[in-house]
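Before any comments, here is the structure.
The values are calculated or read from the model by the stated rules, or taken from the named source; none is laboratory data. Nothing here was measured: the structure is a model prediction, and the numbers come from that model. Every residue, glycine among them, receives a Cβ derived from its backbone with ideal geometry; neighbour counts consider all protein chains shown. Keep in mind that these areas ignore ligands, DNA and RNA; they rest on the heavy atoms of the full protein, side chains included. Shrake-Rupley method; radii C 1.70, N 1.55, O 1.52, S 1.80 Å.
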Amino acid sequence: MGIKDSVSAFSFYVQNVGTKKAKGGNVMVAELNIRQDRFLKALLETPSVAKACELAGINKKTGYKYLKDEYFMTAYRELRRELMQQATAKLQKISQEAVEVLREIMNDNETTPSSRVQSAKAVLEISYRSIELEDIQEQIDELNKIVAMKE
């Protein structure tokens, strides 16, 4: 699924399922208008807000106005998160191959010693980082529980 497919799928979701609270707490459907939708797509495909505005056919003032809109930014963050999850899933699928390559280099006596050391370091660093991330996630989960109990 590419950016355009993801944006279209997300726009469908926002228009048909997503909600926002109006003043007074009433729930209403959150919709991006056509110009916001084009700008959202352009933001994900270009390196700058100015380029995104140009691609979306809007002026910079409008683009920056959209960037201050909480519902637009919610849609933008959700879509970015979805795209990152897709990229992460692809990386996870091939990570076993990468680990195998590192293992082969590390254990290959015909490989230069520096290559073997680099491979071993990479394996250790990745292992260490994964433990750190698990610890951080555990701490975040605990903090979320504490916050939930106080609410």
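If I filter region 52-88 down to residues being of a type outside the set (A, V, I, L, M) and more than 20 Å from I34 (Cβ to Cβ), which single residue comes out as modelled with the lowest pLDDT?
If we filter region 52-88 for residues that are of a type outside the set (A, V, I, L, M), which is where we start, we get 53-54, 57, 59-66, 68-72, 74, 76-78, 80-82, 85-86, 88.
When the remaining residues are screened for being more than 20 Å from I34 (Cβ to Cβ), the result is 77, 80-82, 85-86, 88.
Numbers: R77: 91, R80: 89, R81: 89, E82: 89, Q85: 89, Q86: 90, T88: 85.
Looking at the filtered set, the residue picked out is T88.
Go through (1) over 30 Å from T46 (Cβ atoms); (2) open to solvent by 100 Å² or more (accessible area, probe 1.4 Å); (3) not polar (S, T, N, Q) one by one and return the number of the condition E100 breaks.
Condition (2) is where E100 drops out.
If you take the residues in region 29-50 that are basic (K, R) and under 21 Å from the mean Cα position of the chain (by Cα), which one is least open to solvent (accessible area, probe 1.4 Å)?
In the first step, residues of region 29-50 are kept if they are basic (K, R); the result is 35, 38, 41.
Filter once more, so that each one left must be under 21 Å from the mean Cα position of the chain (by Cα): 38, 41.
Numbers: R38: 107, K41: 52 Å².
Going through the qualifying residues, I end up with K41.
Where in region 40-151 are there helices (runs of 4 or more DSSP H), lying fully within it, with 2 or more residues that are among the acidic types (D, E)?
Hits in region 40-151: 70-107, 113-150.
What about Q137, is it within 23 Å of the chain's Cα centre (by Cα), within 21 Å of S95 (Cβ to Cβ) and either touching a residue at least 40 places away in the same chain (Cβ under 8 Å) or surrounded by 10 or more Cβ atoms within 10 Å (Cβ to Cβ) (or both)?
When the stated conditions are applied, Q137 passes them.
Sort out which residues of region 121-134 are among the aliphatic types (A, V, I, L, M), open to solvent by less than 90 Å² (accessible area, probe 1.4 Å) and at pLDDT 85 or above, and write them in order of number.
A122
Taking L91 as meeting all but one of (1) open to solvent by 100 Å² or more (accessible area, probe 1.4 Å); (2) at pLDDT 90 or above, write down the number of the exception.
If we test L91 against (1) open to solvent by 100 Å² or more (accessible area, probe 1.4 Å); (2) at pLDDT 90 or above, just (2) comes out false.
Which of the residues belonging to region 56-85 are surrounded by 15 or more Cβ atoms within 10 Å (Cβ to Cβ) and over 20 Å from the mean Cα position of the chain (by Cα)?
Within region 56-85, A56, I58, T62, G63 meet the criteria.
List pairs: first residue in region 105-127 and within 22 Å of Q92 (Cβ to Cβ), second residue open to solvent by less than 90 Å² (accessible area, probe 1.4 Å) and of a type in the set (S, T, Y) anywhere in the structure, Cβ distance under 9 angstrom, at least six positions apart or on different chains.
Within 9 Å, the pairs are I105/T111; I105/S115; I105/S119; M106/S115; M106/S119; S119/T111.
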